[in-house]
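The values are calculated or read from the model by the stated rules, or taken from the named source; none is laboratory data. As the structure is a computational prediction, the values presented were derived from the model and not from experiment. Because the Cβ atoms are built from the backbone with ideal geometry, glycine has one as well, and the counts that use them run over all protein chains shown. Heavy atoms of the whole protein, side chains included, go into the accessibility calculation; ligands, DNA and RNA do not. Shrake-Rupley method; radii C 1.70, N 1.55, O 1.52, S 1.80 Å.
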Amino acid sequence: MERSFFRASRGEPRRIVMRIVFCLAVALTSVSALAEPLPRTILFLDEDTPIYPWFRQMSEAFYATIKTETANPPFVFIESLGIDAYAAPDYFNILRSHFREKYRDKAIGVIVTDASRELAFTLRLRNELWPGTPVVLAGIQERRAARLSLPSNVTGFTFRHQLQDIVATADALIPGLKRVVLAGSRIERGGWRQDFLDDVPDVRGRFEVIDLTGLSMAELRQRLGELPGDSAVTYVGFSTDVTGERYLPNEASQLIAEAANRPTFVDSETFIGKGSVGGLVVSPGGIGRVAARFALRILDGENASDIPITNSEEILRPVFDWRQLQHWGISEDRLPVGSDVRFRSPTAWEQYRWQIMLISAALLLQSLLIAGLFYEHRRRRQAEVQASRRMAELAHMNRSAAIGQMSASIVHEINQPLAAIVMNAGTGLRWLAKDTPNVEKAAHALKNIVGNGNRASQVVQTLRAMFKKEISNRTLVDINDAIRAVLTLLRIELEEHEVVTKATLKEGLPHVMADRVQLQQVIFNLVTNAIEAMSSIGADSRTLRLRSEEIESGECIVAIEDSGPGIEPETLKRIFEPFFTSKSKGMGMGLSICRSIIEAHGGRLWVAGNTPRGAVFEFALPVATHSVRDQV
Amino acid sequence: MPREPLIAVIDDDESFRVALAEALSSLGYGARAFASAEEFFADHETEPYDCVITDIHMPGMSGFDLKRRLLARNCGLPVIMTTADAEPDLEAKAAAIGAVCLLRKPFEADAMTDCLERALKV
């Protein structure tokens, strides 16, 4: 759109020649052109070179409209005049002879031109080559159009183009705007934005204007990086800077917008997406569309002279760059109604809605599953702990109850004959001590004593025999299994007492012939004693060591070692005696019964070590012989 | 001379029952032995006992049951209890029901006579 790529100066002599040719051409063709219907062809003349996005956007919209808005689309020729680019002195003549040859056999129905600054050049070309052919002027700035006096058969449409529109947009979007920065090359008379010069005083009346036009690009960029917080940049076009460096307007707009530390506002749709926020911009696409409709009206029979030049609302549109709005933190609520917001990056939700929903659902399901599993696991663990604790309690109770019951019955059974003995002895003594001793009655009492004494010894013998009676329950038992069963039973108790258990169980230990329940009772008892023995020492040094092995004598040995304070020497002497106890609670039957059980199995139970750190109880049981195994 | 006090001895253990009855006899008491509380009650109405020495734990009626039945009949016959059990709180139980003494087996005759004297004084 920036039309001042090269400033051409065309010579006067050329024009005189052209006028003569023009007059001849008019004389030859104008009469016939009025009489016949127009050929359905359009010649689109672009002043510039096709390098500018402006032309591309305009011609695309033009084509699209031609194609869609008529049943019989005319043929469109497009020519880029490149008036700025080819600044040769006789350029007009070159172009004219070129087109004359090129269009010798082509009848043109209507000429469309985006003529804005070089209108005279374009109209001369038309007058000399296609005299009388109607012309549509596609998009002229209002104020420029007002200054033109157009020949007949030329129509067109205008758009508003003023600096105030850019500033007003900036003012609407930026709260507290105080300063307006003009950024670009110097605005010159004859240029596309020449009328902005007339607008500056008005803007100055409402804002402080920082004029940064006419600097080198480097300096401009540097100054743009140091702008105050209450300012906004208005880009007024940049072609050639003071050092002679040339820029395409597009790339210049990007360089400027990127350097600025404040938002940049622009006046052309072609700058959208190049770093500026946007603005109320002139749309080349809009121009293309309106121009196509004008051309079609004329081809369909309307006289160009009858169509007045009017302002087209379709050309000036509020267009913004979403990314820049985000960058500068400008809320979309501030944008004018009907704004076209471009480059909106779809939110992750918009882009991957289904994936997100699926993944969320999967995650939710998974979380629920995990939560469920956790809950189940916790419940199971609690149940396990409870069950284990109950088992241990039960085992304890059984043991205590069994021992208690046995002790009670032993006490009763021994006490009865003892009581009789004591009573009889007293009676005997009394009969003998009488004034007339009754020897007969005394002897009777003594006989009773003998009977009761025998009865007491009978009780003891029965007690011994009790453990031997269990022989029918004996099976081949893996001692390691028995140890593990007891440890499982006491796991919670061991944990609660913070006892570290270290079991060194010999693999492949030969089986023993034993009553499994009694054997486990012995181990249970010894381990429980070990736990109790360690309750008086620090929790960090409570270690229970269990060891099983086979020795050469054909016995299996089990050692249970604690890290408690050890056994008092006085206690050690009597530890296996029935009813001997060093504990406040207990009958003192535990170890005695343990020894009885082990001895009933043909084994031995002893204290193997009693260092200051802990006691070691060991028992040995004979390995089952082959003959025994065969019997089982 | 007043008649000698008559003591009922009740114990399911025969050897002790016999030993106790003979000891009482040697001490100058009249004694009659019963193998159970039920047997004693069968005889109780016809004989004027002065005191009962009964074992606590017996098959059938216990020493406590015996004392309770006596109380139920409004009979103030003093009761001395004996036991071979090691159960710790029997003294309190016996005292609560109104027994004069609880004698734990084995005991010597002196302990028994002390109890008897207290029982017969009442």
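In the set A:Ala395, A:Ala443, A:Ala362, only one residue is modelled with pLDDT under 90, in a helix (DSSP H, G or I), open to solvent by less than 100 Å² (accessible area, probe 1.4 Å) and not β-branched (Val, Ile, Thr); that residue is A:Ala395. Taking the stretch A:489-569 and the strands (runs of 3 or more DSSP E) fully enclosed by it, the elements with 3 or more residues that are open to solvent by less than 40 Å² (accessible area, probe 1.4 Å) and within 26 Å of A:Ser596 (Cβ to Cβ) are at A:543-551, A:555-561. Grab the helices (runs of 4 or more DSSP H) fully contained in the stretch A:62-162, keeping just those with 2 or more residues being farther than 28 Å from A:Glu314 by Cα and out of contact with any Gly (no Cβ under 8 Å at 6 or more places or on another chain). In the stretch A:62-162, A:91-102, A:119-129 are the helices (runs of 4 or more DSSP H) which contain 2 or more residues that are farther than 28 Å from A:Glu314 by Cα and out of contact with any Gly (no Cβ under 8 Å at 6 or more places or on another chain).
To keep it simple, each residue is scored yes or no on (1) touching a residue at least 40 places away in the same chain (Cβ under 8 Å); (2) at positive phi; (3) buried (at least 16 other Cβ atoms within 10 Å of the Cβ).
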| position | (1), (2), (3) |
| --- | --- |
| A:Asp46 | yes, no, yes |
| A:Tyr52 | yes, no, yes |
| A:Phe62 | yes, no, yes |
| A:Thr65 | yes, no, yes |
| A:Ala71 | no, no, no |
| A:Ser80 | no, no, yes |
| A:Asp84 | yes, no, yes |
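Among the residues making up the stretch B:88-114, those that are part of a helix (DSSP H, G or I) and within 14 Å of chain A (Cβ to nearest Cβ) are B:Leu90, B:Ala109, B:Asp110, B:Ala111, B:Met112, B:Thr113, B:Asp114. Here's a check for you: in the stretch B:7-17, which residue that is over 11 Å from the mean Cα position of the chain (by Cα) and more than 7 Å from every other protein chain (Cβ to nearest Cβ) is most open to solvent (accessible area, probe 1.4 Å)? Checking each candidate, the answer is B:Glu14.
Quick check on this structure: which one of B:Met81, B:Met58 is part of a loop (DSSP other than H, G, I, E, B), within 14 Å of chain A (Cβ to nearest Cβ) and either within 14 Å of the chain's Cα centre (by Cα) or surrounded by fewer than 16 Cβ atoms within 10 Å (Cβ to Cβ) (or both)? Step through it out loud before you land on a result.
On the way: B:Met81 fails: part of a loop (DSSP other than H, G, I, E, B).
It is B:Met58.
Taking the conditions exactly as written (hydroxyl-bearing (Ser, Thr, Tyr), within 19 Å of A:Ile140 (Cβ to Cβ) and out of contact with any Phe, Trp or Tyr (no Cβ under 8 Å at 6 or more places or on another chain)), does A:Ser305 satisfy them or not? It would help to see each step written out before you state the result.
Details: hydroxyl-bearing (Ser, Thr, Tyr): yes; within 19 Å of A:Ile140 (Cβ to Cβ): yes; out of contact with any Phe, Trp or Tyr (no Cβ under 8 Å at 6 or more places or on another chain): yes.
So A:Ser305 passes the test.
Looking at the stretch B:19-30, which of its residues are open to solvent by 20 Å² or more (accessible area, probe 1.4 Å) and either among the acidic types (Asp, Glu) or more than 11 Å from every other protein chain (Cβ to nearest Cβ) (or both)? Those that are open to solvent by 20 Å² or more (accessible area, probe 1.4 Å) and either among the acidic types (Asp, Glu) or more than 11 Å from every other protein chain (Cβ to nearest Cβ) (or both): B:Glu22, B:Tyr29.
What about A:Met406, is it more than 9 Å from chain B (Cβ to nearest Cβ), open to solvent by less than 60 Å² (accessible area, probe 1.4 Å) and modelled with pLDDT under 85? I'd like the intermediate steps shown before the answer.
Details: more than 9 Å from chain B (Cβ to nearest Cβ): yes; open to solvent by less than 60 Å² (accessible area, probe 1.4 Å): yes; modelled with pLDDT under 85: yes.
It is true that A:Met406 is more than 9 Å from chain B (Cβ to nearest Cβ), open to solvent by less than 60 Å² (accessible area, probe 1.4 Å) and modelled with pLDDT under 85.
If I ask for residues that are more than 14 Å from chain A (Cβ to nearest Cβ), surrounded by 15 or more Cβ atoms within 10 Å (Cβ to Cβ) and not in a loop (DSSP other than H, G, I, E, B), which ones from the stretch B:43-53 would you list? Listed by number, the residues that qualify are B:His44, B:Cys51, B:Val52. Kindly establish whether A:Ala107 is loosely packed, with under 15 Cβ neighbours inside 10 Å and free of Cβ contacts under 8 Å to residues at least 24 places away in the same chain. Spelling it out, it is not the case that A:Ala107 is loosely packed, with under 15 Cβ neighbours inside 10 Å and free of Cβ contacts under 8 Å to residues at least 24 places away in the same chain. The residue pairs whose first member lies in the stretch B:54-67 and is at positive phi, whose second member is open to solvent by less than 30 Å² (accessible area, probe 1.4 Å) and at pLDDT below 95, and whose beta carbons are closer than 6 Å, counting only pairs six or more residues apart or on different chains, are B:Gly60/B:Ser36.
Note on the stretch A:253-262: residues that are touching a residue at least 40 places away in the same chain (Cβ under 8 Å) and either touching a helix residue (DSSP H, G or I) at 6+ places or on another chain (Cβ under 7 Å) or acidic (Asp, Glu) (or both) total 2. Please count how many residues of the stretch A:426-440 are in a helix (DSSP H, G or I), more than 7 Å from every other protein chain (Cβ to nearest Cβ) and open to solvent by 40 Å² or more (accessible area, probe 1.4 Å). Of the residues in that region, 5 qualify.
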